[in-house]
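Participant: Before I ask anything, here is the structure I am working with.
The values are calculated or read from the model by the stated rules, or taken from the named source; none is laboratory data. This one's a predicted model, so the numbers in the text were calculated from it and none came from an experiment. Heads up, the Cβs are rebuilt from the backbone with ideal geometry, glycines too, and the neighbour counts pull from every protein chain shown.
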Amino acid sequence: MRHNYLCTYRCAERIGLMPFADTLLKFKAITGPKGYVDDAATLAPHLVEWRGLYQGRCAALLAPQTTQEVSDILRLAHETGTAIVPQGGNTGLVGGQIPFKGDEIILSLSRMKALRALDPLNNTLTVEAGMTLAEVQSHAREVGRLFPLSLASEGSCQIGGNLSTNAGGTAVLRYGNARDLVLGLEVVLADGRVLSSLKGLRKDNTGYDLKQLFLGSEGTLGIITAAVLKLFVEPKSIETAFVAVPSVEAAVDLLRLAEGQSGGLVSTFELVPRIGLEFIENHLPGASDPLAAPSPWYVLVEMTAGSASLGLDTLIEQFLSDALSRGLISDAAVAQSESQRQSLWQLRESLSEIQKHEGGSIKHDVSVPVSSMAAFIAKASAAVVAAMPGIRPVPFGHIGDGNVHFNLSQPVGMDKAAYLAHWDEMNAIVHAIVREMGGSISAEHGVGHMKRDEIAAIKSPVEMDLMRALKMALDPKNILNPGKVVDITSPR
Ligand code: FAD
Ligand code: ZN
């Protein structure tokens, strides 16, 4: 294996060549040569992320195979003050998984993907952190259960990454975020100690719920190595409809009607704007508008039931006809087969990716109360268009959770780099409206590197003090994903 002299040389400048080279050898001794990478070509894909927003640097990547190896790595990192950047499937969208300094080491859990236990009677699954989300879902299906977390990146993202980011996705409305789907965790702490709490208990009030500290902490407080996950009844009946709605207000009214009429069986309620559908028609081969006439907005609605005999097909037909008579929808296509269902889902799941074909896209992952969603989209759209005529808002996503991906495609014909130079300016406009409406500037993607300074400026001093205190208590040497989420080095 070729040694990466460039990285080692950069580190050497900072901390002295021989000591750091020795440390790297000690790390290599823990994982063995198969779990140690330092050649530039193999490291390269781990140093860039999906959107191409960041270019990272690092000394090496470690891929341990056991919790003991992770513990040994952390103990050595703690002793030597070596910074460790955990990386799962590298699908995170805020740069949290990217190392930015040449003396940082990536810790990849990709070789830890064992199914440790499956207990259908207890409705639990115990898996190691490196298992992909799609693999977790598939293990659940094998025993007739559902693991409901679902994201467009599920083929690549790892459950450890999902829990570390408290991922959301398309089934939050019914089943909650990732943190709601965890009963127990195994976590390696910054000094190498292992917090082993792989309990499959739904009730346990024996003191602080420590696992919640690590869920959503983006690798800054500990390394998640395994988890006990909650399973649910596998749906026997699924009805999926792509529905044209005249306005976002109508979409929200429709959500409440759907919930009321189905008795809580709505599992997905996702907003699709007309412009997003047009992007898909223009750039996704084989995709087409399933409805006859254009509509300003659409919603992908899915209802699921654990029993096949419930008559969900009749229920959704009745709901849609009621919605039509109330003027909440103008048309709807209901999937009649699994392949039609997949085609409707493809319209929603392609929305992120497809924007790349229309030039630069400035992103916002924001939430407001569901009742304020229509007002937010109207006000934020007007504000960005006023600031830059021709800019194209593409608000889409989890409207049922009050979470919209308020993306802004560049004006047609504008230079992409010149457009992207307005990223901070657009963020400032949109985030000001989000805050005014009592919302969050990071609904599901986290803070990472991208939003660290912004949250420090908008969270209350008490919140920031508590976050710093937790970081300092759990990682006093600041070796776990340093500089992400909260900065404990800069003066307050
Ligand atoms: P990574 O990107 O590798 O890491 C994310 C963070 O977790 C980093 O801070 C990293 O240091 C930390 N980390 C990773 N593994 C561990 C571990 N074992 N222990 C401790 N820390 C760790 N997100 C949503 O919430 N909802 C969506 O609907 C959604 N859709 C997406 C669609 C696309 C097409 C893409 C590309 C991304 C999407 N995401 C979505 C974002 C992303 O997929 C999620 O944040 C996902 O949970 C990240 O998992 P990962 O394994 O890729 O983690
Ligand atoms: Zn999302």
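Participant: So which residues in the stretch 323-356 are of a type in the set (D, E, K, R) and surrounded by fewer than 14 Cβ atoms within 10 Å (Cβ to Cβ)?
Facilitator: Result: ARG326, GLU338.
Participant: Just to be sure, is ALA378 among the hydrophobic types (A, V, I, L, M, F, W, C), closer than 19 Å to LEU277 by Cβ and touching a helix residue (DSSP H, G or I) at 6+ places or on another chain (Cβ under 8 Å)?
Facilitator: Spelling it out, it is not the case that ALA378 is among the hydrophobic types (A, V, I, L, M, F, W, C), closer than 19 Å to LEU277 by Cβ and touching a helix residue (DSSP H, G or I) at 6+ places or on another chain (Cβ under 8 Å).
Participant: Going by what's in this entry, would GLU218 be described as in contact (Cβ under 8 Å) with a residue 40 or more places away in the chain, of a type in the set (Asp, Glu) and within 16 Å of ligand 1 (Cβ to nearest atom)?
Facilitator: For GLU218, the condition - in contact (Cβ under 8 Å) with a residue 40 or more places away in the chain, of a type in the set (Asp, Glu) and within 16 Å of ligand 1 (Cβ to nearest atom) - is met.
Participant: Within the stretch 376-411, can you find the residues that are in a loop (DSSP other than H, G, I, E, B) and at negative phi?
Facilitator: If the condition is that a residue be in a loop (DSSP other than H, G, I, E, B) and at negative phi, then MET388, PRO389, ILE391, HIS398, GLN410, PRO411 are the ones that fit.
Participant: Is it the case that some residue within the stretch 244-254 is more than 16 Å from ligand 2 (Cβ to nearest atom) and either of a type in the set (Lys, Arg) or within 30 Å of SER164 (Cβ to Cβ) (or both)?
Facilitator: Checking the stretch 244-254: not a single residue is more than 16 Å from ligand 2 (Cβ to nearest atom) and either of a type in the set (Lys, Arg) or within 30 Å of SER164 (Cβ to Cβ) (or both).
Participant: Which of the residues belonging to the stretch 357-375 are away from ligand 2 (no atom under 16 Å from the Cβ) and either in a helix (DSSP H, G or I) or closer than 28 Å to ALA241 by Cα (or both)?
Facilitator: HIS357, GLU358, PRO369, SER371, SER372, ALA374, ALA375
Participant: Right, another one. Counting just the residues of the stretch 184-221 that are part of a loop (DSSP other than H, G, I, E, B) and of a type in the set (Gly, Ala, Ser), which one comes out farthest from ASN478 (Cα to Cα)?
Facilitator: GLY200
Participant: Select from the stretch 226-238 the residues that are in contact with a Leu (Cβ under 7 Å, 6 or more places away or on another chain) and not in a loop (DSSP other than H, G, I, E, B) and list them in ascending order.
Facilitator: ALA226, ALA227, VAL228, LEU229, LYS230, PHE232, VAL233, SER237
Participant: Can you pull out every residue in the stretch 110-139 that is among the aliphatic types (A, V, I, L, M), over 18 Å from the mean Cα position of the chain (by Cα) and either under 28 Å from VAL37 (Cβ atoms) or not in a loop (DSSP other than H, G, I, E, B) (or both)?
Facilitator: MET112, ALA114, LEU115, ALA117, LEU118, LEU125, VAL127
Participant: Separate question: Quick check on ILE391: is it more than 16 Å from ligand 1 (Cβ to nearest atom) and more than 22 Å from the chain's Cα centre (by Cα)?
Facilitator: yes
Participant: To continue, here is another question. Does THR66 satisfy the condition of being farther than 13 Å from ILE224 by Cβ and surrounded by 23 or more Cβ atoms within 10 Å (Cβ to Cβ)?
Facilitator: Answer is no for this residue.
Participant: Out of everything in the stretch 134-177 that is in contact with a Pro (Cβ under 8 Å, 6 or more places away or on another chain) and under 21 Å from GLU302 (Cβ atoms), what residue ends up being surrounded by the fewest Cβ atoms within 10 Å (Cβ to Cβ)?
Facilitator: The extreme case among them is GLY144.
Participant: Which residue pairs have Cβ atoms closer than 8 Å, lie 6 or more positions apart in sequence or on different chains, and pair a first residue in the stretch 324-341 that is free of Cβ contacts under 8 Å to residues at least 40 places away in the same chain with a second residue that is in a loop (DSSP other than H, G, I, E, B)?
Facilitator: LEU324/SER330
Participant: Moving to a separate point now. Could you tell me which numbered condition SER237 fails, if it satisfies all but one of (1) at positive phi; (2) touching a residue at least 24 places away in the same chain (Cβ under 8 Å)?
Facilitator: Failed condition: (1).
Participant: On the basis of being within 11 Å of ligand 1 (Cβ to nearest atom), in contact (Cβ under 8 Å) with a residue 40 or more places away in the chain, over 18 Å from THR304 (Cα atoms) and not in a helix (DSSP H, G or I), does ASN166 make the cut?
Facilitator: yes
Participant: Just to be sure, is GLY200 under 24 Å from VAL70 (Cβ atoms), buried (at least 22 other Cβ atoms within 10 Å of the Cβ), out of contact with any helix residue (DSSP H, G or I) (no Cβ under 9 Å at 6 or more places or on another chain) and at pLDDT 95 or above?
Facilitator: In short, no.
Participant: Just the residues that are within 12 Å of ligand 1 (Cβ to nearest atom) and either of a type in the set (Phe, Trp, Tyr) or touching a Ser or Thr at 6+ places or on another chain (Cβ under 6 Å) (or both), please, taken from the stretch 397-406.
Facilitator: Passing the criteria: only ASN403.
Participant: What do you reckon, is ILE479 within 16 Å of ligand 2 (Cβ to nearest atom) and touching a residue at least 12 places away in the same chain (Cβ under 8 Å)?
Facilitator: no
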